[in-house]
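Have a look at the structure below, then the notes.
The values are calculated or read from the model by the stated rules, or taken from the named source; none is laboratory data. Please read all numbers here as calculations on a predicted model, not as lab measurements. Positions of Cβ are generated from backbone atoms using ideal geometry, with glycine treated the same way; all protein chains shown enter the neighbour counts.
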Amino acid sequence: MTSDETGLSETSTGGGAGPAKKRGRPSIRRELVEREIKENAARLFAERGVAGTTLQDIADATGLTRQAVYHYVANKDDLFAQLVSEIADQPAQLLHEINGLPDVPPSERLHRMASSLALHQMADPGRFRLMIRSEADLPDHLAEAYSASRRRVLKELIAVIESGITSGVFRAVNPRTAALGIVGMLNWIAWWYQSGDDEQATAAQLADMAVRSVLRDTQPVEPPTAPRILASVRQELDRLERLL
């Protein structure tokens, strides 16, 4: 493979000549190839498991030689660790930034959070299927990092729900239960999302559902009147007669 194909000059691979100067086009190509390698790796890891996937499999799926893949990743385990770190870190950071917006009401913050999580899932559902299937087999350091990230995501959702309850916008639900329910709904995107779906519309619909699950009923309550009270009493008497 030539230096143009790998995005690296010969001097960058060794020989004591020092690192090659960075140029715009090779740098962009390197990012594109790295992304393609990771996408194919995530798909193969999810389908076959990490143990059942070789670096040669990833190279074949990407259209590279195995030797060329080594220009981008050190080994299979390092590639897997990169995937886990990216999946774990980004959602929590997104939610933390949204939760820090001072002038945005809780309902809008929750909507943005749910929409961001949905779009993040749809950007690469293969990676999330990989995490779900590989979670039990993660090395200790990766398992701890992933668990810490999930706790951060849950913490941010709980915080915005508590804020909505305090301000009277949300019902007096259990914040943790409500947050777990929203996370559970969004996690399933990785299993049913199909490429070509309208991502923005899908994310907006799911975000609407997330907000409505905790939103206080704003319908005006009609004051009791004599006819309404009598109707209610008659219904209760009818029910009692049927029981007797």
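Some points to look at:
- Test result for residue 28, assigned to a helix (DSSP H, G or I) and at pLDDT below 90: yes
- For the criterion of being β-branched (Val, Ile, Thr) and either part of a helix (DSSP H, G or I) or surrounded by fewer than 17 Cβ atoms within 10 Å (Cβ to Cβ) (or both), residue 73 fails.
- Residue 81 assigned to a helix (DSSP H, G or I), more than 20 Å from residue 179 (Cα to Cα), out of contact with any strand residue (DSSP E or B) (no Cβ under 7 Å at 6 or more places or on another chain) and not hydroxyl-bearing (Ser, Thr, Tyr): yes
- Residues that are surrounded by 13 or more Cβ atoms within 10 Å (Cβ to Cβ), in a helix (DSSP H, G or I) and either among the small types (Gly, Ala, Ser) or in contact (Cβ under 8 Å) with a residue 24 or more places away in the chain (or both), drawn from the range 56-70: 59, 61, 62, 68, 69
- Cβ-Cβ contacts under 6 Å between residues 6 or more apart (or on different chains), taken from a first residue in the range 95-122 that is at pLDDT 90 or above to a second residue that is in a loop (DSSP other than H, G, I, E, B), are listed as 106/169; 107/169.
- Residue among 134, 149 that alone is modelled with pLDDT under 75, more than 19 Å from residue 205 (Cβ to Cβ) and either over 15 Å from the mean Cα position of the chain (by Cα) or crowded, with 17+ Cβ neighbours inside 10 Å (or both): 134
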